[in-house]
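Peer 1: Right, I'll just put the structure down here and ask away after.
The values are calculated or read from the model by the stated rules, or taken from the named source; none is laboratory data. Here the structure is a predicted model, which is why all the values come from computation and not from measurement. Counting neighbours? That spans all protein chains shown, and the Cβs are built from the backbone with ideal geometry, glycine included.
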Amino acid sequence: MKAKEKGSIAIEPQYAILRFAKYKGPAIGQIEAHNERTKEQYASNPDVDLTRSKDNFHLVTPERKYRQEAERQIKAAGCRTRADSVRMVEALFTASPEFFCGKKPEEVRVFFREALDFFTAHQPGEMIISAVVHMDEKTPHMHLTFVPLTLDGRLSAKEIVGNKKHLSWWQDEYWKHMVKRFPELERGESASETGRDHIPPRLFKEMTRLTRQMQKLTELLTGINALNAKSRAAEIQAFLEQYIPNVERMQTQLKKYRGAFTDTVAENKRLKAAVEHLTAEKQELEKQLKAAATESIQKKLRTGKLQEDYDKARSILSQIPPEVLRYYTAIPHSQLDRTALNRPRKGDALE
């Protein structure tokens, strides 16, 4: 895996993942056979390793067949159904494969227990048919199946799962819940939906490591001159093989999250405009503006420091003596972008 290459400081993103699927009558039996591992073989899913199925476990064990339990709940609620009514919804809870690397079985159980707690905080637990964790595929995941009954007793998967906007709400709430226990997790949706307005802890960790590398390079460059450049060049050259790609990688990461550097300012302007035009709600909006400004100051301190650290890490490249640079650039480097050796400009990361 690229993130584990020697000298690399990159940490793979670790996303909190939640997906929903709706099922009508005929498909429920097939889902049960897959989730409960009642089939002898899974030709359609080569990722299933039946020799490891003994490690699967339930957090909610089904008391009846899925379809039977769904019909029981629906009848008890007095709901009318049609042939095409959605009788069961499945929520798939998991995280990026990198999140589970090195975790012990009990740590995995804690993760899915937390995911179950999240679900029951928003939907009654008695709606759950089964919650089973699969450990016999590439990435641990939990299939949580439930009957989509509303709090007032209606059968409505549409209302519970919702449209695209409500699905985004579910993803937001899932991440907010899980990140309290697992701060390394990021929100698991596309950049177009999130706007990348959250700078993940992973990025600050990468910058801390890059800063340490910068300090080491500074030490190597201290006291270098025309007389000792040749002897130092080999050591510096080896170090640059790690350092330059890491600087370029950080530049790419900062570009991804550039929205986080500007979104708060835009939000403050919006609130200020609202204060000026909506006198009836002026007091409450002023309170929001004050709170947003406080948050903005804290955010600017963090993001500003991140940008400052990056600028320093890149500027050190301009301090490499010509003697060393000539020795270094004379050697072929298959994975090196030599443009990184150009004198950096202020604010390169956010262009």
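Peer 1: So, Leu116, is that one in contact with a strand residue (DSSP E or B) (Cβ under 9 Å, 6 or more places away or on another chain) and free of Cβ contacts under 8 Å to residues at least 60 places away in the same chain or not?
Peer 2: In short, yes.
Peer 1: State the number of residues belonging to the range 78-90 that are closer than 22 Å to Trp170 by Cβ and either assigned to a helix (DSSP H, G or I) or not hydrophobic (A, V, I, L, M, F, W, C) (or both).
Peer 2: Result for the range 78-90: 3.
Peer 1: Pick from the range 121-132 the residues that are assigned to a strand (DSSP E or B) and in contact with an Asp or Glu (Cβ under 9 Å, 6 or more places away or on another chain): which of them is farthest from Lys75 (Cα to Cα)?
Peer 2: Filtering the range 121-132 for residues assigned to a strand (DSSP E or B) gives 128-132.
In the following step, the residues that additionally are in contact with an Asp or Glu (Cβ under 9 Å, 6 or more places away or on another chain) were identified as 129-130, 132.
Details: Ile129: 15, Ser130: 19, Val132: 25 Å.
Here the residue is Val132.
Peer 1: Let me ask you something else. Test Phe93 against the stated conditions and say whether it is crowded, with 17+ Cβ neighbours inside 10 Å, without any contact (Cβ under 8 Å) to a residue 60 or more places away in the chain and closer than 30 Å to Trp169 by Cβ.
Peer 2: Against the criterion (crowded, with 17+ Cβ neighbours inside 10 Å, without any contact (Cβ under 8 Å) to a residue 60 or more places away in the chain and closer than 30 Å to Trp169 by Cβ), Phe93 does not qualify.
Peer 1: Which of the residues spanning the range 196-218 are loosely packed, with under 13 Cβ neighbours inside 10 Å and either under 14 Å from the mean Cα position of the chain (by Cα) or at pLDDT below 80 (or both)?
Peer 2: Passing the criteria: only Thr208.
Peer 1: Still on this structure: When the range 205-225 is examined, which residues are found to be of a type outside the set (Ser, Thr, Tyr) and over 18 Å from Ser318 (Cβ atoms)?
Peer 2: Filtering the range 205-225 down to residues of a type outside the set (Ser, Thr, Tyr) leaves 205-207, 209-210, 212-217, 219-221, 223-225.
Scanning the range 205-225 gives Lys205, Glu206, Met207, Arg209, Arg212.
Peer 1: On to the next question. Please go through the range 173-195 and give me each residue that is modelled with pLDDT under 50 and among the hydroxyl-bearing types (Ser, Thr, Tyr), ordered by number.
Peer 2: Ser190, Ser192, Thr194
Peer 1: Go through the residues of the range 151-161 one by one and say whether even a single one is surrounded by fewer than 13 Cβ atoms within 10 Å (Cβ to Cβ), at positive phi, modelled with pLDDT under 80 and part of a loop (DSSP other than H, G, I, E, B).
Peer 2: Looking through the range 151-161, none of the residues is surrounded by fewer than 13 Cβ atoms within 10 Å (Cβ to Cβ), at positive phi, modelled with pLDDT under 80 and part of a loop (DSSP other than H, G, I, E, B).
Peer 1: Looking at (1) farther than 30 Å from Leu254 by Cα; (2) at pLDDT below 90; (3) exposed (fewer than 12 other Cβ atoms within 10 Å of the Cβ), can you tell me which one Lys4 breaks?
Peer 2: Result: Lys4 passes all but (1).
Peer 1: Let me ask something additional. Quick check on the range 96-112: of everything there that is part of a helix (DSSP H, G or I) and surrounded by 15 or more Cβ atoms within 10 Å (Cβ to Cβ), which residue is farthest from the chain's Cα centre (by Cα)?
Peer 2: Residue satisfying both the conditions and the ranking: Arg109.
Peer 1: Here is a further query. Output the residues belonging to the range 92-120 that are at pLDDT 95 or above, farther than 16 Å from Arg187 by Cα and hydrophobic (A, V, I, L, M, F, W, C).
Peer 2: Matches in the range 92-120: Val108, Val110, Phe112, Leu116, Phe119.
Peer 1: Inside the range 96-109, can you point out the residues that are farther than 17 Å from Leu18 by Cβ and in contact (Cβ under 8 Å) with a residue 60 or more places away in the chain?
Peer 2: Passing the criteria: only Glu98.
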